[in-house]
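The values are calculated or read from the model by the stated rules, or taken from the named source; none is laboratory data. Values in this document were obtained by computation on a predicted structure and should not be read as measured data. Ideal geometry is used to build each Cβ from the backbone, glycine not excepted, and the neighbour counts take in all protein chains shown.
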């Protein structure tokens with residue numbers, strides 16, 4: 001057999017996506033190039049690796065075994081690369097984080113200097129909702145997670161990075177003349193929610209329950225960006241993290257409605273499992289965060305923490 005690491009990588013990606021088109025996109029190759037390499041790889045084996053049923057590609061049982069072996073081989077190759085760099089005194093390895101969707105406005109600033117100082121480190125950053133973030137943390141699939149609401153049922157350690165301020169926000173076209181409103185204003189306005197499982201949604205629901213507010217009309221959207229666009233379009237108001245709307249406020253496309261009890265303040269927390277056994281990279285990153293977080297906040301978020 002004379003298959004190459006390139007062919008192994010292509011077949012593994014095809015097996016993961018079950019699509020030549022998707023594999024080509026991920027690997028930044030053309031579809032014909034993937035198809036040719038897949039055929040050349042298949043020619044090394046007397047048993048089919050894939051089959052097509054109704055125009056859909058499936059991986060055979062034998063193909064799944066080969067894909068698993070390919071994954072192990074590529075893992076070993078990565079380990080050799082990491083060990084080579086480590087032997088030269090260079091920090092290397094993989095750093096994995098899961099981040100709640102609004103955290104995409106926060107986490108990159110706490111990563112940039114560390115990643116620039118350690119070019120041998122590979123970053124995997126998953127941006128999703130709070131439920132999925134905690135699921136990946138509990139399954140030990142990531143080193144760290146960034147959340148604004150600490151989990152109650154996981155044994156974790158944490159470091160607080162930054163306040164998370166939430167305001168009631170509307171599009172610029174709505175008129176609010178009073179210097180301050182009470183929370184009953186929310187009884188009158190169509191309120192746009194994030195989806196269930198979102199940390200922002202949880203904060204909103206707690207606020208409504210504490211203040212005995214019944215929402216007259218509501219809409220549910222599945223991302224912070226979708227909520228922002230709906231508010232910009234005039235579909236309603238929402239309680240949104242300030243960190244994600246700076247640009248729209250500066251352009252006067254959005255406005256903060258002055259309501260008593262706002263902002264609602266929580267904290268952005270970097271969390272990890274209490275039982276987590278850190279890799280050298282994860283340990284170095286935590287040391288960096290603990291040493292540099294105050295400097296990063298002062299330099300990058302001075303407008304926010306005033």
Residues that are within 15 Å of residue 5 (Cα to Cα) and free of Cβ contacts under 8 Å to residues at least 12 places away in the same chain, drawn from the stretch 44-77: 68, 69, 72, 75, 76
Matching entry among 241, 179 (being touching a residue at least 60 places away in the same chain (Cβ under 8 Å) and touching a helix residue (DSSP H, G or I) at 6+ places or on another chain (Cβ under 9 Å)): 241
Test: residue 142 is crowded, with 16+ Cβ neighbours inside 10 Å, under 13 Å from the mean Cα position of the chain (by Cα), in contact (Cβ under 8 Å) with a residue 40 or more places away in the chain and under 19 Å from residue 273 (Cα atoms): yes
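Report yes if residue 99 is crowded, with 22+ Cβ neighbours inside 10 Å, without any contact (Cβ under 8 Å) to a residue 60 or more places away in the chain and either at negative phi or in a helix (DSSP H, G or I) (or both), otherwise no.
Working: crowded, with 22+ Cβ neighbours inside 10 Å: yes; without any contact (Cβ under 8 Å) to a residue 60 or more places away in the chain: yes; either at negative phi or in a helix (DSSP H, G or I) (or both): yes.
Yes.
For a quick check of your reading: which helices (runs of 4 or more DSSP H) sit entirely within the stretch 1-81 and have at least 3 residues that are over 30 Å from residue 279 (Cβ atoms)?
20-27, 31-42
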Which numbered condition residue 188 fails, given (1) at pLDDT below 85; (2) surrounded by 13 or more Cβ atoms within 10 Å (Cβ to Cβ): (2)
Failed item, numbered, when residue 116 is tested on (1) within 28 Å of residue 163 (Cα to Cα); (2) modelled with pLDDT under 90: (2)
Residue ID - surrounded by the most Cβ atoms within 10 Å (Cβ to Cβ), chosen from residues in the stretch 119-139 that are touching a strand residue (DSSP E or B) at 6+ places or on another chain (Cβ under 6 Å) and farther than 19 Å from residue 103 by Cα: 121
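Out of the stretch 147-160, which residues are surrounded by fewer than 23 Cβ atoms within 10 Å (Cβ to Cβ) and outside any loop (DSSP other than H, G, I, E, B)?
Within the stretch 147-160, 156, 157, 158, 159, 160 meet the criteria.
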One residue from 120, 199, 171 being touching a helix residue (DSSP H, G or I) at 6+ places or on another chain (Cβ under 7 Å) and closer than 24 Å to residue 75 by Cα: 120
Criterion (assigned to a loop (DSSP other than H, G, I, E, B), out of contact with any strand residue (DSSP E or B) (no Cβ under 8 Å at 6 or more places or on another chain), loosely packed, with under 14 Cβ neighbours inside 10 Å and assigned by TED's automatic domain parsing to the domain that holds residue 250) met by exactly one of 197, 173: 173
